[in-house]
Amino acid sequence: MTAPVEDDTSRLLFWLALQHQVEQQGIADKTAAGLALLWRILQFWRLDESTMSWLHSVTLQVEQGFRLSEQAGFDFVQGSKWIVDPLSEPLVKVPTVFPVEDLQVAMRATGPATVKRKSRMAVTGAVDDSQPLSDSSGVNVPENVLQPLVDDLMAFGKLNSTGVGVKFALNGGRGEVQELVTAEAERSDSPVGWARFTEDSDTGPCYFCAMLASKGAVYVDAKSFAESNRKFVGDGVAKVHDNCKCSIRPVFRVEDGFDWRANFFRDQWDSFAGTDLNEFRKLYKRPPPYVDAPIDLVGVRRSRDFVAKRLGVGSVQARWWDGVVDRLSA
């Protein structure tokens, strides 16, 4: 396996990326828990009547996660920038637009609309989305058969719509990282880009996210993903799928283009002269869990003292480094 760069700056950048990923996964879990509670608003025999109330509630829930993720993304890019360039000016947050209409279309399609369609197919064999479920003819099924079917259908809709909500919530952070990196690229002579930082969970990352991470850093322009010679599908520049909890990490130095997981995935891709995503899917092995890289706390304090001496102990840069020292000392 190709070894990643192991200088002090790279270690600190990896530590910060890992902290951000943990924070993002926490936002995803909180969003999913909220959506699970709100699913109770939908009533199986009154799907049409209860859908609008449900959509209103889930939109507020997902937007809350979106904004938390967005702020986390900003803090992540700002910290990464100060690790690489400790005296740089503070970044300016880029406001992002929460896509209410896109979210509601996707939530309706994967939630109540899917339940309605599968219900008609299961009970009557006919599909007519224009009619309320309660008007369906042929619902002549014994109660001991019908109730388990209803439970399964509702569980299916809940699972799929929750996956959509999680994706949209974490897009707040992904979008903020991409906007900030793009803005930085416009005023920097150095290579600037982003890379996929894969989720650390029992079920992920999937083969698709692993393939994307195996590319390492993609240096901006905004069409970089689309112009890749590998096959990409999915939403947005980051090509995320429902339930995806991967984050996007900023890259301000060429030597930070690959973290150790990206190398792990790249070695798998290259092991069979990677040209086909389906073949990669068959051979893909998930990576071991992330492990914190050892951080030289003396070196971090030295960076903090350097910034405090140049910019003052009350500067936002020095206070940020104070926070890093505190977190690493805890």
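The values are calculated or read from the model by the stated rules, or taken from the named source; none is laboratory data. The structure presented is a predicted model; accordingly, all values stated were derived computationally and were not measured. Here the Cβ positions follow ideal geometry from the backbone for every residue, glycine too, while neighbour counts run over all protein chains shown. For accessibility, only protein heavy atoms count, side chains too; no ligands or nucleic acids. Shrake-Rupley method; radii C 1.70, N 1.55, O 1.52, S 1.80 Å.
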Failed criterion for Arg11 (all others in (1) more than 30 Å from Asp305 (Cα to Cα); (2) assigned to a helix (DSSP H, G or I); (3) modelled with pLDDT under 95 hold): (1)
Looking at this structure, is Val192 in contact with a Pro (Cβ under 6 Å, 6 or more places away or on another chain) and farther than 26 Å from Leu35 by Cα? no
I'd like the full set of residues that are modelled with pLDDT of 90 or more, of a type in the set (A, V, I, L, M, F, W, C) and farther than 30 Å from Arg187 by Cα, limited to the stretch 90-137. Val100, Leu103, Val105, Ala106, Met107, Ala109, Ala113, Val115
Number of positions in the stretch 150-173 that are open to solvent by less than 30 Å² (accessible area, probe 1.4 Å) and out of contact with any helix residue (DSSP H, G or I) (no Cβ under 7 Å at 6 or more places or on another chain): 2
What pairs come up if the first residue lies in the stretch 184-211 and is within 16 Å of Trp260 (Cα to Cα), the second is among the acidic types (Asp, Glu) and crowded, with 21+ Cβ neighbours inside 10 Å, and their beta carbons are under 6 Å apart, counting only those six or more places apart or on different chains? Pro205/Glu199
Tell me, which helices (runs of 4 or more DSSP H) lie completely within the stretch 263-330 with 1 or more residues that are open to solvent by 50 Å² or more (accessible area, probe 1.4 Å) and within 22 Å of Val77 (Cα to Cα)? 297-311, 316-329
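Per-residue answers, yes or no, for (1) under 19 Å from Ala195 (Cα atoms); (2) of a type in the set (A, V, I, L, M):
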site: Ile248; (1), (2): yes, yes
site: Asp276; (1), (2): no, no
site: Glu279; (1), (2): no, no
site: Ala293; (1), (2): yes, yes
site: Val298; (1), (2): no, yes
site: Ser303; (1), (2): no, no
site: Val313; (1), (2): no, yes
site: Gly323; (1), (2): no, no
For Gly165, indicate whether it is out of contact with any Lys or Arg (no Cβ under 9 Å at 6 or more places or on another chain), closer than 29 Å to Asp29 by Cα and small (Gly, Ala, Ser). yes
In the stretch 250-262, what residues are among the hydrophobic types (A, V, I, L, M, F, W, C) and part of a helix (DSSP H, G or I)? Val254, Trp260, Ala262
